Amino acid sequence: MNVAVQGDIGIDWAVLELQVAPNITAFTNTITPVADALVRAGVNAGLNFGSASTLTVKEDASADNDRKAYLRWDLGGWRGRFIRPRCV
């Protein structure tokens, strides 16, 4: 920085600090679930939904309408790696 001063001029100095972030390579891995399940509560609790083609989730005041879905992934090959789940 060049500063030219004439006469009775005072200068306050400021420090400009630059920090450069490292270049991070971003990547996405897709892991397919190895199992899924749909369960219902109330009068539907004893039913088997194994052939259902969709997973439905619903929170309701009536237990007969409650539905929950579960997914399971095999992460055995991912031990020691950073995994951040993301729902899309």
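The values are calculated or read from the model by the stated rules, or taken from the named source; none is laboratory data. Model, not experiment: these values are computed from the prediction. Note: ideal-geometry Cβ built from the backbone for every residue, glycine included; neighbour counts use all protein chains shown.
Residue-wise test of (1) surrounded by 10 or more Cβ atoms within 10 Å (Cβ to Cβ); (2) modelled with pLDDT of 90 or more; (3) in a loop (DSSP other than H, G, I, E, B).
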site	(1), (2), (3)
49	yes, no, yes
55	yes, no, yes
60	yes, no, yes
64	yes, no, no
70	yes, yes, no
74	yes, no, yes
77	no, no, no
86	no, no, yes
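Being surrounded by 10 or more Cβ atoms within 10 Å (Cβ to Cβ), at pLDDT 85 or above and in contact with a Ser or Thr (Cβ under 9 Å, 6 or more places away or on another chain) is a description that does not apply to residue 37.
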